[in-house]
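**Student:** I am attaching a structure below and will ask some questions about it afterwards.
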Amino acid sequence: MLKRIRTQTAHSVLCYPVAATIFPTLFPRVQFDRAWELQSIYNELYCVVAGDEQWIYETIKDLFPVDHFAADLWEIHEKVKQAGGYVQDISAGIFRSDYMLQGGDVEIGLDANCNSSSDLELKQVEFNTISCAGGCHASKVVDMHRHLAKSGVYGSLTDDKSLCSLSSLPSNNNTESLAASLAEAHNMYGQPKSKVSTETAVLFVVQPDNFNVADERPIEYALWDQDIPAYRVEWGSDVLKYTSLSDTQELLFHPPWRGSQKPVEISVVYLRAGHEPHEYDEQGKEACLRLERSRAIKCPSLMAHILTFKKVQQALTVPGVLERFLAPEKVAAVRATFVPMYPLDESEAGQHARSLATDPEHAEDYILKPSLEGGGHNIYGADIPQYLSSIPRSSWSAYVLMERIPSPSVGNVLMSSERIDSSAVISELGIFGTCLWRKVGGQCDLLRNSTAGWSLKTKYADVDEMSVVKGFGCFDTPLLF
């Protein structure tokens, strides 16, 4: 939070604090631990899938006529191959798997009369592979809650009746963990390879005027603290203006403030942009093509980016598909987190989904999801039939139908820049994973596979969407019990 001070200076900078809860929110420890343990398996799954070009193509090809974003990304992939192919076989990933608790009728709490946490199930909402935000914000909010606990706001730490103890508030080192993964990728890249550069650096590719700048800068500074240079460039025209490719495909960054000095060779491209369709105008597509053709390690690679599409998430729930990518004992653990998801295409499963989605009574239990990221794009429940009737049937296959996750609610106080409210709330747990992998032939060689940290987002129980940036929730801390 920022304190307003008395000053004669005219206000010229508009600042919004990140929305946060006043209190940490109850969350069962057993499910938190389970989500943490699952992340390394999910990391492995998505790394292996990212190397299976044929499966990815077969999964998303029907999107191309109805989803120009999918078509644009695949066109860029084809252009890379036509231009000589990918010259970097190492990829980096900063992933986040989001979960909710299933058990809408379950009453959770510290009271002995409340239901056991064993009555709750952990279910995946989505898996994010590009521009996974919230890590630094989450670390700040847990620091706030732990400070309030230490200072006695929630009761004495030595009082058995205290609302919470420090042992119930998990620490969070997201910033350090995410920076460490980029640092490892940077070190793996090694010394400059071009003839015109004598130094390497990590390049953050960001959106202009981005609210999440405060979620990006701490990672950048953490790299500088390790003596790893980290620079920023905006997506699109600035990528084209300030970078170039050497004859041997090294990505060279030309900082405008350095004049005629030698360019910096980029070791790692960390994408915090390029995940929204409007970014892919001609300059955006050309910028993406340049990055993908380069020798820099991408976080993520184009193939890993495509895996964030909801169509991929839905395809992985089809019986027998996980067995293509994971060992049997890992398949069972992942599949237990799935909820029913259906395509909305012309297939038999798609026809079944269409009958559910167009029936007002059945539609109430579902969410209609496009492949767009960032929140605010989903259609919920009773609104689904009317929405589908307003668009051509030929466009329906761009969506997937996902069963709602009925979650238990608890009480909390939510604080945003506009208001402070006490209300029933529900939460969404995100687990961050970091990985490095090398594609060797048709195999995936995992070089790093770590669980990096977590975020908890909480919203009013009667609000459908969950997006802190778009005003649909707050950052939070789990009160483990």
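**Student:** For Cα Rg over 2.2 N^0.38 Å, the listed values are (i) 1.06; (ii) 0.96; (iii) 1.00; which was obtained by calculation from the structure presented?
**Tutor:** Recomputing Cα Rg over 2.2 N^0.38 Å here gives the entry labelled (iii).
**Student:** Further question: Could you pull out every whole DSSP H run in the chain that spans at least 20 Å of Cα extent along its own axis and averages -1.0 or higher on the Kyte-Doolittle scale?
**Tutor:** Those that clear 20 Å and a mean of -1.0 are 29-50, 68-82, 135-150, 174-189.
**Student:** Can you give the Rg/Rh ratio of region 252-406, where Rg is from the C-alpha atoms and Rh is the Kirkwood radius? The partial results should precede the final answer.
**Tutor:** Numbers: Rg = 20.3 Å, Rh = 18.5 Å.
My calculation puts Rg/Rh at 1.10.
**Student:** Return the long-range amide H neighbours of I297 (sequence gap of 5 or more, or a different chain), with a cut-off of under 5 Å between placed amide H atoms.
**Tutor:** V268, V269
**Student:** Please state, to two decimals, what the Cα-based radius of gyration of region 242-339 comes to when divided by 2.2 N^0.38 Å (N = residues).
**Tutor:** Working: Rg = 18.8 Å, N = 98, 2.2 N^0.38 = 12.6 Å.
With N residues counted in region 242-339, Rg over 2.2 N^0.38 Å equals 1.50.
**Student:** Same structure again: Could you work out how far the C-alpha centroid of region 20-85 sits from that of region 310-339, in angstrom?
**Tutor:** 13 Å
**Student:** Expressed as a rounded percentage, what relative contact order does region 252-296 have, with Cα pairs under 8 Å and six or more residues apart?
**Tutor:** Details: 22 pairs, mean separation 15.2, N = 45.
This gives 34 percent for region 252-296.
**Student:** Between rounded, prolate and oblate, where does region 337-412 land on the alpha carbon gyration tensor, with a ≥ b ≥ c its root eigenvalues, rounded for a/c under 1.5, else prolate if a/b exceeds b/c?
**Tutor:** Working: a/c = 1.68, a/b = 1.59, b/c = 1.06.
In terms of gyration-tensor shape, prolate.
**Student:** Please say if region 382-481 is rounded, prolate or oblate, where rounded means a/c under 1.5 for a ≥ b ≥ c the square roots of the C-alpha gyration tensor eigenvalues, and otherwise the choice is prolate for a/b larger than b/c and oblate otherwise? Working shown, then result.
**Tutor:** On the way: a/c = 2.61, a/b = 1.16, b/c = 2.26.
Cα axes put region 382-481 in the oblate bin.
Coordinate-derived values only; no laboratory data. Computed from a predicted model, the values in this text were never measured in an experiment.
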